[in-house]
Amino acid sequence: MKAIVIRSFGGPEGLETVDLPTPRPAAGQVLVATEAIGVGGVDVLIRRGALAAYGFAPGFVPGGESAGTVTETGPGVDPAWRGRRVWAASGAGGSYAEYVLAPADQLVPLPPDLTPAAAVTLGSAGAVAHFGLDRARLAAGERVLVRGASGSLGIAAVQLAVRAGAVVTATASAPDRAARLRALGAAETTGRTPTPGAAPYDVILDVVSGPDLPAFLGLLAPNGRLVSVGAVGGQPPEDFGTHLMTAFQKSLTFATLSLATIAPEALRTLRTTHFAAAARGDLATVVHATLPLTEAAAAHAEMDTGNVFGRLVLTPGN
């Protein structure tokens, strides 16, 4: 099968198309013939070598989610899964391939009217957005800032926060993006950097992190909550915690959210709900572009520009 490996850390040119043996599912696993593969911010961080300390090494096949058809089931898995169209998680990686192994307990059947590209646009992004807002204890009427709103995660967060009754501000780097985010429900938009004197926010859902994180903490209202759900902008300064202590009397809260802490059954239930809403047209999925699997390097080059609105999707030729 065709697969993409990280031959060397650094730029997109470090991605290489290779031929690998088609894997066989072990107990509790299925084999999925992929039809759409999501390109995520964490894939870019892994490719750059930013997460090498977590065990990622050259030769790694990136990609955490795909959609396609189950072709084989491993021991202990209901054979009724064979032939079904599913969304599949592959953990930390492995999805940039024509076939991928996935845990059977994390499969989500796709509604007939939902495309594989839409599924990988919403599957992980919608879950992170939902549980991030839940971690923030978002209440109707509160002011929410979605930082990093132009990616699939941010787009999902804008919509879910609006549906929860919040007044949403979304960061955007260009007027056309701002207009599209307002069309998705954002009450207002702002630039990527903090706006001095901006009205305080009750909740900030932060996809970016990076060196500007302390300044965004400064935009929180008393009892405000910032939940970090990503770090596409890199790690925050080592002393960012001192900003929380400096604002001690505001009773601010900083939290992180990883789907690794969410029970598989809760994730399956939520994704089933999200996919049904998307199939009805009640939840928008935005695909920036689709590219062949063999053009993964071009997809990553586009990610590096920072100009992606929505999700980049790879499509294998199997």
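The values are calculated or read from the model by the stated rules, or taken from the named source; none is laboratory data. Predicted, not measured: the structure shown is a model, and the values here were computed from it. Cβ: placed from backbone, ideal geometry, glycine included. Neighbour counts: every protein chain shown.
All conditions but one from (1) buried (at least 23 other Cβ atoms within 10 Å of the Cβ); (2) in contact with a Pro (Cβ under 9 Å, 6 or more places away or on another chain); (3) assigned to a strand (DSSP E or B) apply to GLU72; the one that does not is (1).
Residue-by-condition table, conditions (1) over 28 Å from SER251 (Cα atoms); (2) modelled with pLDDT of 95 or more; (3) assigned to a strand (DSSP E or B):
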| residue | (1), (2), (3) |
| --- | --- |
| VAL100 | yes, yes, yes |
| PRO111 | yes, yes, no |
| HIS130 | no, yes, no |
| LEU133 | no, yes, no |
| ALA139 | no, yes, no |
| ALA149 | no, yes, no |
| VAL168 | no, yes, yes |
| ALA178 | yes, yes, no |
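Just one of GLY224, GLY310, GLY281 is outside the structural domain of THR171 (by TED's automatic domain parsing), modelled with pLDDT of 95 or more and touching a helix residue (DSSP H, G or I) at 6+ places or on another chain (Cβ under 9 Å); which is it? Result of the check over GLY224, GLY310, GLY281: GLY310. In the stretch 294-309, the count of residues that are surrounded by fewer than 16 Cβ atoms within 10 Å (Cβ to Cβ), without any contact (Cβ under 8 Å) to a residue 40 or more places away in the chain and at positive phi is zero.
Taken over the stretch 160-188, the residue count meeting the criterion of being of a type outside the set (A, V, I, L, M), over 16 Å from VAL308 (Cβ atoms) and crowded, with 23+ Cβ neighbours inside 10 Å is 1.
Candidates are the residues of the stretch 189-205 that are of a type in the set (Val, Ile, Thr) and out of contact with any helix residue (DSSP H, G or I) (no Cβ under 8 Å at 6 or more places or on another chain); the one that is surrounded by the fewest Cβ atoms within 10 Å (Cβ to Cβ) is THR195.
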